[in-house]
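The values are calculated or read from the model by the stated rules, or taken from the named source; none is laboratory data. Because the structure is a prediction, the values reported are computed rather than measured. Glycine also receives a Cβ, built like all others from the backbone with ideal geometry; neighbour counts cover every protein chain displayed.
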């Protein structure tokens, strides 16, 4: 991919178009040239910070005319290289657009700017008895979460960004501002452009405002932890719970190694065995009934030591530990970096899929953990690599590609929640076929004919 | 719009392309030239029945070359003129593609052909302890339901077609067959083409196979009926229930007139007052707790005579009556036809919206009922017209447009579930703006450059 570097004149002109700053300071370029993926960093030519939709419109219109690539940047927590400006050009920093515009408890919705972080939103919402449900591990921005179609541990109950973004204001490549979706819970008015833009990874438009669905904090929340003799038994127990239609709010699997790391990092003392974490939301009796039903089912799969708590501090500590699993793994192995795979399969294939993947990884010498949102059939292998040995990374990526091929062959997907980004462009074609990718490419081209928006992601244009 | 009529040679050639029949028999043309909307019938030039994806591909490829409009036809139950071939050409009859291909209880999904009717699917599913949740009143085909993004009384709990279609096989205008989506519950692989095609009203592709999410039949189901002194009180009670986060599976509003018609049609003896129908799904105690919570809330809004049943026959009878509300209204007024409006607003605006609409309708002399999926902020006004006085229809459509303008002004949508079709093309522009409609138009043009797929629907190309 040809790299575009900006001229002094272009940088000077960009400064007249935004209320925010334009920077070419090296540390700023560095900060905008990396994310949490294993892909090597790439600096943008400049970082343009925007403060309003109008700023974004003016900057995009100019970049479109000049053929300058534009890659939007939020928290930089992508695991698939989404924010890496591999064609140079500008990194469009959205973090100063961080206002919560409106909280509407009576409509169970909020309006926010794209730079608002999910934890900050939830802190504000909690004072209204509300919460925003989508929880990837990282404290991502809501704009980034919408752009990548993020999901998390509560998706099994409350859905991903695809279900929770009601409406968007966004700017097309030529600077046109459009609004899509509506503040209503149901909508059947024309093509579903909201869902087209959610998950398009910044390649179709830059999101400048979001209307999100929120939920009332449930009357009762309870968590449970249960250990299993084998990885397969734990996964099979989780799928059995889903099949019985029991309403779980969370159902997460962690393998024995992951539990070991988490114990050490979060100061817990869970038994170091394949483990399921559950959460139940509802009325006090409903929650208790659900937990009881789960307890009965998992016993059939050798689940033991079913520990149950409605204590809020213990519950929070447990889920904080689950969200910190990545950092716990790094902390237990100082100096390493993690490569996180992300695959999903139909429920009935989950135990087989996890077993196949473990066989593939364990035939190599890397440290790894397996964990995932098993009630959704979605799981991750976190493989640890030494950044001082870059040849490892290439081998690990080949291991990941082997797993993806097996998963696609059994009807699964190469990504349940992290997206295609840079590393799964070929896997997407393998999974969905040339025809569907060509449709994506044609839609991209008609909305962004100069191909300035996040070039090189999802497919080769 | 210029009408295309087929030559004898074209009809003869089409017969070589499909395994099904090609008909120009007048009664067949008539049957494919009308739906359940108030739009006047329009005959296609020919009806082409297809039996396989390959048939559809060959027929579309030929029509694309010849510039012949193609309008897919399923059950003909559209309320917005979707199946009317207003540009002539062929009606593509999908009803012989009616096989249930695969029922996978372990994956909670099914694969079906587009001509399968929802009730037939549910009959088959019930023997596996499963059900498909989306229930528009009519016994529509699943292909038609996906194409129009259908919803129904259970959408509040289980979602609409947008949430329940996992994957599609479809044929583009030039005959290219693509598959979109995946059999997994989570998917983040490229643009969400599944949701782009769902709700595109047959203007982007013809659906030839669907993978749908299904649910286990809940352990316990219970229904409740409660009357209110005023329409406003009933609507406010419903929104209060949603705001409290109580898990209702259904929550439907019927005004006093509608109850009168339903009583007579379904042989019920409900009190003729504004009424809410509820349904609860879950564990036995959970259902009881939910019902109790609802009972307490509605009492604050003057709700009385809370009648509750877990008897399966009574429950089914109640919901059959709700689904037959349209026919009950016609039956009570022989010779009339109904024009159904379809609007949705943010929850907090619902009582105001319904009140405003009632004020507008009641200033005219038409019989009407108001009913709706109020927990979703979605409601319908069914206005009765005498087909022998066609001037009434024009006036009723103007009444409908007045209501839509008010609803859009208060942040609502011109359609929560029926779609744009023929009658709301201007309302769509008013609601979402020229910019977003232009994006839809560009996507249409790049996927269907000859504009053969269901021309004249959603927007003017």
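For this structure, a couple of remarks:
- When the criteria are applied in full, residue B:180 fails the requirement of being within 28 Å of residue A:374 (Cα to Cα) and part of a helix (DSSP H, G or I).
- Count of residues meeting criterion [in contact with a strand residue (DSSP E or B) (Cβ under 6 Å, 6 or more places away or on another chain), part of a loop (DSSP other than H, G, I, E, B) and within 30 Å of residue A:439 (Cβ to Cβ)] in region A:193-231: 4
Residues are listed down the side, and each one gets a yes or a no for (1) assigned by TED's automatic domain parsing to the domain that holds residue A:65; (2) under 27 Å from residue A:152 (Cα atoms); (3) not in a loop (DSSP other than H, G, I, E, B):
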residue: A:406; (1), (2), (3): no, yes, yes
residue: A:427; (1), (2), (3): no, yes, yes
residue: A:431; (1), (2), (3): no, yes, yes
residue: A:438; (1), (2), (3): no, no, yes
residue: A:444; (1), (2), (3): no, no, yes
residue: A:450; (1), (2), (3): no, no, no
residue: A:457; (1), (2), (3): no, yes, no
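- Against the test of being closer than 28 Å to residue A:382 by Cα and more than 7 Å from chain B (Cβ to nearest Cβ), the options A:412, A:421, A:433, A:416 yield a single qualifying residue, A:421.
- Among the residues of region A:232-258, those identified as outside any helix (DSSP H, G or I) and either within 24 Å of the chain's Cα centre (by Cα) or in contact (Cβ under 8 Å) with a residue 24 or more places away in the chain (or both) are A:244, A:246, A:247, A:248, A:249, A:250, A:251, A:252, A:253, A:254, A:255.
- Residue list for region B:19-37, filter: closer than 30 Å to residue B:418 by Cβ and touching a helix residue (DSSP H, G or I) at 6+ places or on another chain (Cβ under 7 Å): B:20
- Breaking point among (1) out of contact with any helix residue (DSSP H, G or I) (no Cβ under 7 Å at 6 or more places or on another chain); (2) within 14 Å of chain B (Cβ to nearest Cβ); (3) assigned to a strand (DSSP E or B), for residue A:280: (1)
- Test result for residue B:143, outside any strand (DSSP E or B), within 13 Å of residue B:78 (Cβ to Cβ), more than 10 Å from the chain's Cα centre (by Cα) and not assigned by TED's automatic domain parsing to the domain that holds residue B:246: yes
- Any hit, region B:447-455, residues being within 13 Å of another protein chain (Cβ to nearest Cβ), surrounded by 21 or more Cβ atoms within 10 Å (Cβ to Cβ) and more than 30 Å from residue A:444 (Cα to Cα): no
- Count of residues meeting criterion [closer than 20 Å to residue A:147 by Cα and either in contact with a strand residue (DSSP E or B) (Cβ under 7 Å, 6 or more places away or on another chain) or in contact (Cβ under 8 Å) with a residue 60 or more places away in the chain (or both)] in region A:109-135: 14
- Candidate set: region A:142-161, residues that are away from chain B (no Cβ under 11 Å) and buried (at least 24 other Cβ atoms within 10 Å of the Cβ); chosen: the one nearest to residue A:122 (Cα to Cα): A:142
- The single condition among (1) touching a residue at least 60 places away in the same chain (Cβ under 8 Å); (2) assigned to a loop (DSSP other than H, G, I, E, B) that residue B:355 does not meet is (2).
- Among the numbered conditions (1) outside any strand (DSSP E or B); (2) within 14 Å of another protein chain (Cβ to nearest Cβ), the only one that residue A:380 does not meet is (1).
- Taking the listed residues A:91, A:78, the one that is touching a residue at least 12 places away in the same chain (Cβ under 8 Å), out of contact with any strand residue (DSSP E or B) (no Cβ under 9 Å at 6 or more places or on another chain) and either away from chain B (no Cβ under 14 Å) or surrounded by 24 or more Cβ atoms within 10 Å (Cβ to Cβ) (or both) is A:78, with no other qualifying.
- Residue within region B:293-312 that is over 25 Å from residue B:122 (Cα atoms), crowded, with 21+ Cβ neighbours inside 10 Å and within 14 Å of chain A (Cβ to nearest Cβ) present: yes
Residues are listed down the side, and each one gets a yes or a no for (1) more than 8 Å from chain B (Cβ to nearest Cβ); (2) surrounded by fewer than 24 Cβ atoms within 10 Å (Cβ to Cβ):
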site: A:163; (1), (2): no, yes
site: A:181; (1), (2): yes, yes
site: A:191; (1), (2): no, no
site: A:196; (1), (2): no, yes
site: A:204; (1), (2): no, no
site: A:210; (1), (2): yes, no
site: A:214; (1), (2): yes, yes
site: A:221; (1), (2): yes, yes
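- Residues of region A:378-411 classified as without any contact (Cβ under 8 Å) to a residue 40 or more places away in the chain and touching a strand residue (DSSP E or B) at 6+ places or on another chain (Cβ under 8 Å), total: 2
Residues are listed down the side, and each one gets a yes or a no for (1) assigned to a helix (DSSP H, G or I); (2) out of contact with any strand residue (DSSP E or B) (no Cβ under 6 Å at 6 or more places or on another chain); (3) not assigned by TED's automatic domain parsing to the domain that holds residue B:250:
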{"position": "B:301", "(1), (2), (3)": "no, yes, no"}
{"position": "B:308", "(1), (2), (3)": "no, no, no"}
{"position": "B:313", "(1), (2), (3)": "yes, yes, no"}
{"position": "B:316", "(1), (2), (3)": "yes, yes, no"}
{"position": "B:322", "(1), (2), (3)": "yes, no, no"}
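- Here the condition is being assigned by TED's automatic domain parsing to the domain that holds residue B:152 and closer than 25 Å to residue B:14 by Cα; of B:105, B:114, B:85, B:41, it holds for B:114 alone.
- Residue A:167 meets the conditions (1) within 27 Å of residue A:259 (Cα to Cα); (2) surrounded by fewer than 24 Cβ atoms within 10 Å (Cβ to Cβ) in every case but one. The failed one is (1).
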